[in-house]
Amino acid sequence: MAHLFQCDIVTAEQQFYSGKVKSIVVPGALGELGIYAGHSPLITKLRPGVVRLCCETLDDPVQSEAIYYVSGGFVEVVPGSVTVLAEQALRGTEIDEAAALEAKRHAEELMTHPTRDMDYARAVGQLAQAIAQLRTLQEIRKVLGRG
């Protein structure tokens, strides 16, 4: 039997997940970070991306993996527990693909044809978030066998 640990995914406004998991993969500032029971304590910054949880239900592969999008934030690992404190979070199933595609197109347009009052860093951030949302949808399709 796999060792389980507590995992919480929260924003300032809402708790998105709280339960026991076998593992979690988060988009760390320097790349994806896989966390299992017994991981060394740490705190690190998150970039926009996909959070994948391997949950305790193992009978059905679709039910045993939960996928979330985070816009950034922090992850804290302490003995027996992981907390993802996200700036914004969405359950993978709540992502509006059309809106993400439009946000991506809009950010690319701003970066291609900048205006005097454009905030380039903000456009880059919006592009990164839109791409991360689209990647989250791809991960869900992969889990469901549709991608």
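Search the structure for amide H atoms under 5 Å from the amide H of THR44, placed 1.01 Å from N in the peptide plane, and list their residues when 5 or more places away or on another chain.
VAL75
Quantify, in whole percent, the carbon and sulfur part of the accessible surface of the chain (1.4 Å probe; protein heavy atoms only).
On the way: 4510 of 8510 Å².
Ligands and nucleic acids excluded, carbon and sulfur give 53 percent.
Express the accessible area of the chain per residue in Å², computed with a 1.4 Å probe while the remaining protein chains stay in the model.
On the way: 8510 Å² over 147 residues.
Here the per-residue accessible area is 58 Å².
Per the Debye formula with a single identical scatterer at each Cα and no solvent contribution, what log10 I(q)/I(0) holds for the chain at q = 0.13, 0.18, 0.21 Å⁻¹?
Taken in order of the listed q values, log10 I(q)/I(0) reads -0.60, -1.03, -1.30.
Helix-only estimate, please: 222 nm mean residue ellipticity of the chain, summing -39500 (n - 2.57) across DSSP H runs of length 4 or more and dividing by its residues, to the nearest 500.
Numbers: 3 runs with 45 residues, N = 147.
One gets -10000 deg cm²/dmol as the mean residue ellipticity at 222 nm.
What is the extension gain from GLU97 to HIS113, computed as 0.36 nm multiplied by their sequence separation minus the C-alpha to C-alpha distance, in nm to one decimal?
Working: separation 16, 0.36 × 16 = 5.76 nm, distance 2.41 nm.
So the extension gain works out to 3.3 nm.
Fully extended, how many nm does the chain gain between GLN6 and TYR120 (0.36 nm per residue separation, minus their Cα-Cα distance)? Could the numbers behind the result be given before it?
On the way: separation 114, 0.36 × 114 = 41.04 nm, distance 3.90 nm.
Extending this stretch completely gives an extra 37.1 nm.
Lysines within cross-link reach of LYS20: Cα-Cα under 30 Å, excluding same-chain residues under 8 positions apart?
LYS45, LYS142
What list of ³J(HN,Hα) couplings, whole Hz, do you get for region 83-89 from phi and the Karplus terms 6.51, -1.76, 1.60, once you set θ to phi - 60° and write x for glycine and proline?
Using θ = phi - 60°, the values come out as 10, 9, 9, 9, 5, 9, 9 Hz.
Rank THR83, THR93 by accessible area, highest first, at a 1.4 Å probe radius?
Numbers: THR83 40, THR93 125 Å².
In descending accessible area the options line up as THR93, THR83.
Could I have the simple spin-label model distance between ILE43 and ARG141, label points 7 Å from Cα toward Cβ, reported in nm to one decimal?
3.9 nm
Leaving ligands, DNA and RNA out of it, rank HIS113, HIS3, HIS106, HIS39 by accessible area with a 1.4 Å probe, largest first. Provide the component values of the computation, followed by the final result.
Working: HIS113 110, HIS3 145, HIS106 90, HIS39 55 Å².
From most exposed to least exposed: HIS3, HIS113, HIS106, HIS39.
Check GLU87: other-chain or 5+ apart residues with amide H under 5 Å from its amide H, H built from backbone geometry?
SER71, GLY72, GLY73, PHE74
The values are calculated or read from the model by the stated rules, or taken from the named source; none is laboratory data. In this text, all values refer to a predicted model and were calculated from it rather than measured experimentally. Positions of Cβ are backbone-derived with ideal geometry, glycine not excepted, and every protein chain shown enters the neighbour counts. For accessibility, only protein heavy atoms count, side chains too; no ligands or nucleic acids. Shrake-Rupley method; radii C 1.70, N 1.55, O 1.52, S 1.80 Å.
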